[in-house]
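Single-structure report; data block below.
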Amino acid sequence: MAAMPQEAIQQGSTQSETTKPDKYSISTAEALREGYSVPEPVPETVSCKYCGRKLEYYGLVSPVAPRHVIIWKSRPERCTCSKAQDFWKDWDAKEEARKAAEAEQKAREEEMQRFRSMMERSGMKARFQNRRFENFVQDTQGRRQAYTQAKKYADNFQRMRPVKNDRNHVTPPEIERNGLFMAGGYGTGKTHLAAAIANQLISEGTACICMTMIDLLDRIRETYKAAGSDVDEAYILSQYEDVPLLIIDDIGSEQPTEWGVSKIFAIINARYEGYMPTIITTNYSGPELVQRMTPESGDSRNAEKTLDRLKETCVGIDMTWESWRAR
């Protein structure tokens, strides 16, 4: 009877293999004695390092082919002597710690992959992926107030979200005025704060889309050129309408067309009806924005309806101070 080597102890059977064999397990000795068909080579018995007890290997018996061993377990049974039990208790604790560390590492990697995926889907350009609350300059009272409002919004965002049950019934959010309307001139920090909100939420696992009005409409236009693609206009619109937070940066910057203004209204209105939070940044006040979003035809109805929805659902942040870039 061979002595059980140290590596056999350290790499012995798992805890589940120490339990009493079930009807589909059989020891090497019994299988050979009863004339079972067995795979070669047949593992030899080993001895416990501590007490010398003979330790068997067990095989898995086929449930469909009588008297046939499919495979031998890779390690022998564990000895039940006190020293062996102490050894395995310590070993199992280390194994649990190792598995927990591996699971934690895997979870971190999966979380990082989700983060990268959400960041890619967010539509944010590389420059704005680095816009965070920590690097927003708060050198004036106005900038400090804007920072405080934006940070409070990000920290309380889950209270801004509606709740949808498995029957698609929507319960309004705790805070129904759940959007932001950030207006001010060029270089005042509007986009920085909007991107900081998106970056914080994405890092916490909440999907966001943060795009300029021009890029948002361009994504829709691109679907017209890709005939037969799975990504059609309806798919893009559903993303804009259903994402937990939609940020439209620099609204009013594009030369208005009937098509473009109608798409913006359709998106804003769908989110309005679903209680979905939206953040707007713009260089224009309310009346100026309506004018900027009125196409050449002079039909301002969609622009007015869009602003009306935003007034009802958004809290305003006035950012009408000197441009940071001009300093």
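Filtered by the rule that a residue be at positive phi and at pLDDT 95 or above, the range 250-293 gives a lone residue, TYR275.
The number of residues in the range 206-227 that are assigned to a loop (DSSP other than H, G, I, E, B) and either within 13 Å of ARG121 (Cβ to Cβ) or of a type in the set (Val, Ile, Thr) (or both) comes to 2.
To keep it simple, each residue is scored yes or no on (1) among the small types (Gly, Ala, Ser); (2) in contact with a strand residue (DSSP E or B) (Cβ under 9 Å, 6 or more places away or on another chain); (3) under 18 Å from THR281 (Cβ atoms).
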site	(1), (2), (3)
ALA150	yes, yes, yes
VAL170	no, yes, no
GLY179	yes, yes, yes
GLY185	yes, no, yes
THR191	no, yes, yes
GLU204	no, no, no
ASP215	no, yes, yes
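Return a yes/no flag: does the range 230-246 have any residue that is modelled with pLDDT under 90, buried (at least 17 other Cβ atoms within 10 Å of the Cβ), in the same structural domain as PHE128 (by TED's automatic domain parsing) and charged (D, E, K, R). Checking the range 230-246: not a single residue is modelled with pLDDT under 90, buried (at least 17 other Cβ atoms within 10 Å of the Cβ), in the same structural domain as PHE128 (by TED's automatic domain parsing) and charged (D, E, K, R).
Within the range 140-149, can one find any residue that is assigned to a helix (DSSP H, G or I) and either assigned by TED's automatic domain parsing to the domain that holds LEU32 or in contact with a Lys or Arg (Cβ under 6 Å, 6 or more places away or on another chain) (or both)? Step through it out loud before you land on a result.
Pass one, the range 140-149, residues assigned to a helix (DSSP H, G or I): 141-149.
Of the ones still in play, those that are also either assigned by TED's automatic domain parsing to the domain that holds LEU32 or in contact with a Lys or Arg (Cβ under 6 Å, 6 or more places away or on another chain) (or both) are none.
Checked the range 140-149: no residue is assigned to a helix (DSSP H, G or I) and either assigned by TED's automatic domain parsing to the domain that holds LEU32 or in contact with a Lys or Arg (Cβ under 6 Å, 6 or more places away or on another chain) (or both).
Each residue in the range 171-218 was checked for being in contact with an Asp or Glu (Cβ under 7 Å, 6 or more places away or on another chain) and either polar (S, T, N, Q) or not assigned by TED's automatic domain parsing to the domain that holds LYS151 (or both), and 2 of them qualify. Surrounded by 18 or more Cβ atoms within 10 Å (Cβ to Cβ), over 30 Å from LYS164 (Cβ atoms) and touching a helix residue (DSSP H, G or I) at 6+ places or on another chain (Cβ under 8 Å) - does that describe any residue in the range 304-326? Yes, the range 304-326 has at least one match.
Screening VAL261, VAL290 for residues that are buried (at least 16 other Cβ atoms within 10 Å of the Cβ), under 34 Å from the mean Cα position of the chain (by Cα), assigned to a helix (DSSP H, G or I) and in the same structural domain as ALA146 (by TED's automatic domain parsing) leaves exactly one candidate, VAL261.
The test for being among the polar types (S, T, N, Q), under 24 Å from the mean Cα position of the chain (by Cα), surrounded by fewer than 16 Cβ atoms within 10 Å (Cβ to Cβ) and closer than 22 Å to ARG143 by Cβ does not hold for ASN168.
Across the range 171-214, which residue is nearest to TRP321 (Cα to Cα) among those that are touching a residue at least 40 places away in the same chain (Cβ under 8 Å) and surrounded by fewer than 14 Cβ atoms within 10 Å (Cβ to Cβ)? Looking at residues that are touching a residue at least 40 places away in the same chain (Cβ under 8 Å) and surrounded by fewer than 14 Cβ atoms within 10 Å (Cβ to Cβ), I get TYR186. Going through (1) over 18 Å from the mean Cα position of the chain (by Cα); (2) exposed (fewer than 15 other Cβ atoms within 10 Å of the Cβ) one by one, GLU254 falls short only on (2). Residue count for the range 164-193, restricted to those that are small (Gly, Ala, Ser) and either in a strand (DSSP E or B) or farther than 15 Å from ASP318 by Cβ (or both): 3. Considering the conditions (1) modelled with pLDDT under 95; (2) loosely packed, with under 11 Cβ neighbours inside 10 Å; (3) of a type outside the set (Lys, Arg), ASP90 is excluded by exactly one of them, (1).
The values are calculated or read from the model by the stated rules, or taken from the named source; none is laboratory data. In this text the structure is predicted, and so the values were computed from the model without any measurement. Reconstructed Cβ throughout: ideal geometry from the backbone, glycine too, with neighbour counts over all protein chains shown.
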